[in-house]
Amino acid sequence: MRRFSPLVVGVPVVVALVLAGAVAVMFADLSRLRAREASGQEALAVARAIAPDMLSYDHRTIEQDFARAGGYTTGALTGHYRRLLTTLGPPARHQRAVQSATVTGAAVESARPDRVEVLLFVNMSTVKTVPGEKEPRRQVSQNRARFVMARVGARWLVAELSTLLGDAPPLGGR
């Protein structure tokens, strides 16, 4: 009967165990990557859908517009939207301002299962009818916004919002 040395038997066993461990680690990493990808795609879709409501308002319905936008927020941003109405509301009503936002592009900057940063490219159109002026003032701008989306229960909400503005010349020579 032939006897194998412990080295001949032990080395393949150790190699098999190391390979099995490596496969387990890679499988766990793949699962994490898939979870991040899924979170990123979910949050991206929500951000694209709610950005127009978050960035648009009409002087005739500004309270409702900001209340709706605040419903998409969480944390300190919710309070910020309430305070913003008190500072933006009076001039918007006086100038009869209407601001419309259209998302033209969006991408995930970073993603974790519970937090996703989304970069949005947004066209903004603002019309102001200032009392005493014959023609309304129209302005179109191309902007970028960053939404930090947080998973709160089963919903994605905006936890942070920042903008980087880049204005185009106003329409009509104004």
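No value in this document is a laboratory result; all are computed from the given coordinates. All values derive from a computational prediction rather than experimental measurement. Here Cβ is always computed from backbone atoms with ideal geometry, including for glycine, and neighbour counts include all displayed protein chains.
How far is it, in nm, from the label point at Glu135 to the one at Arg68 when both lie 7 Å from their Cα along the line to the Cβ?
Distance between label points: 3.0 nm.
Taking the alpha carbon gyration tensor of segment 76-157, what are the square roots of 5 times its eigenvalues, largest first, to the nearest whole Å?
Semi-axes from the Cα gyration tensor: 32, 17, 7 Å.
How far, in nm, would the chain grow between Ala38 and Arg144 when pulled straight, counting 0.36 nm per residue and subtracting the alpha carbon separation?
Answer, rounded to one decimal: 35.8 nm.
Give me the one-decimal nm value for the distance between modelled label points at Asn123 and Arg48, 7 Å along each residue's Cα-to-Cβ direction.
Simple spin-label model gives 1.6 nm for this pair.
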